[in-house]
1. Need the failing condition index for Ser144 against (1) in contact (Cβ under 8 Å) with a residue 60 or more places away in the chain; (2) under 24 Å from Arg20 (Cα atoms); (3) among the polar types (S, T, N, Q), just the number.
2. Identify all residues within the stretch 80-98 that are among the aromatic types (Phe, Trp, Tyr) and either open to solvent by 10 Å² or more (accessible area, probe 1.4 Å) or modelled with pLDDT of 90 or more (or both); write none if there are none.
3. Which members of the stretch 53-79 meet the condition of being open to solvent by 20 Å² or more (accessible area, probe 1.4 Å), assigned to a loop (DSSP other than H, G, I, E, B) and in contact with a strand residue (DSSP E or B) (Cβ under 8 Å, 6 or more places away or on another chain)?
4. Quickly run through the stretch 47-68 and pick out the residues that are more than 21 Å from Thr137 (Cα to Cα) and without any contact (Cβ under 8 Å) to a residue 40 or more places away in the chain.
5. Which residue is surrounded by the fewest Cβ atoms within 10 Å (Cβ to Cβ), if the candidates are limited to the stretch 116-150 and must be under 18 Å from the mean Cα position of the chain (by Cα) and at positive phi?
6. For the stretch 34-52, name all the residues that are of a type in the set (A, V, I, L, M, F, W, C) and open to solvent by 20 Å² or more (accessible area, probe 1.4 Å).
7. Counting only residues that are within 13 Å of Val58 (Cβ to Cβ) and over 15 Å from the mean Cα position of the chain (by Cα), which one in the stretch 99-115 is most open to solvent (accessible area, probe 1.4 Å)?
8. List every residue pair whose Cβ atoms lie under 8 Å apart, where the two residues are 6 or more positions apart in sequence or sit on different chains, the first residue falls within the stretch 14-33 and is in contact (Cβ under 8 Å) with a residue 24 or more places away in the chain and open to solvent by 20 Å² or more (accessible area, probe 1.4 Å), and the second residue, located anywhere, is among the acidic types (Asp, Glu) and part of a strand (DSSP E or B).
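The values are calculated or read from the model by the stated rules, or taken from the named source; none is laboratory data. Keep in mind that this is a model prediction, so the values were computed, not measured. Cβ placement follows ideal geometry from the backbone for every residue including glycine, while neighbour counts extend to all protein chains displayed. Quick note on the areas: whole protein, heavy atoms, side chains included, nothing else; ligands and nucleic acids left out. Shrake-Rupley method; radii C 1.70, N 1.55, O 1.52, S 1.80 Å.
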Amino acid sequence: AAVFSSATFAAQAQQAVQWRVEDGGNGHWYSVHTQAGAMTWQDARVLSESVGAHLATVTSAAERSFVYALTLPTASQDPSWFGPWLGGYQQLGSSEPSGGWRWVTNEPWGYVAWGGHQPDNGCGGSEDFLHFDNMGTWNDARGSGTCPGFTTPGPIMRAVFEWSADCNNDGIVDYGQCRDGSLPDYNVNNIPDCCETGTPCE
């Protein structure tokens with residue numbers, strides 16, 4: 001697994017962009033995280049959670065357009081056809097290749113944006129994890145982020161993180177309040193200190 005310092009987290013978190021409610025969005029914040037070399041889906045998930053986020057869940061056409069546009073400036077850092085990880089995965093024991101897909105947040109799996117002939121287990125064996133392809137549609141991939149025996153496509157080197165938590169239920173995503181200082185976050189983990197200590201958030 002790749003090693004990331006807290007300084008790296010902070011620098012990358014500052015690049016997050018909000019899909020503003022006044023622009024038709026959900027108020028959540030999104031950021032594309034990149035590393036050198038293949039990034040497994042599980043490593044991407046752990047890293048996202050370590051900075052108070054989760055792998056992005058894309059539940060509408062509008063959200064897909066917004067999130068995919070954020071990935072374009074870093075597209076050259078992903079070789080060939082493999083784009084960044086998203087927060088979808090296929091439950092063990094599901095019918096292959098299209099059964100049992102779900103989001104890491106347990107949001108309803110309704111809207112889908114599979115590319116042509118996807119999902120297809122096209123790299124051999126089970127492909128149980130979701131990512132963007134280079135057209136902004138979805139593809140199923142192996143959790144390793146690689147396609148054994150092929151120099152292309154792959155490897156997956158990016159992941160989209162999403163901050164959506166609202167621990168004090170005030171209708172504002174915590175990440176933005178940590179950024180602007182309206183809710184203190186002295187340990188810089190993108191979770192308001194009041195929520196971690198169980199004290200009222202004022």
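1. Just one mismatch for Ser144, condition (2).
2. Keep residues of the stretch 80-98 that are among the aromatic types (Phe, Trp, Tyr), which gives 81-82, 85, 89.
Scanning the stretch 80-98 gives Trp81, Trp85, Tyr89.
3. Thr59
4. Residues of the stretch 47-68 more than 21 Å from Thr137 (Cα to Cα): 47-53.
Within the stretch 47-68, just Glu49 meets the criteria.
5. Per the criteria, the residue is Gly136.
6. Quick first cut of the stretch 34-52, residues of a type in the set (A, V, I, L, M, F, W, C) only: 36, 38-39, 41, 44, 46-47, 51.
Residues satisfying the conditions are Ala36, Ala38, Val46.
7. My answer is Pro108.
8. His28/Glu162; Trp29/Glu162
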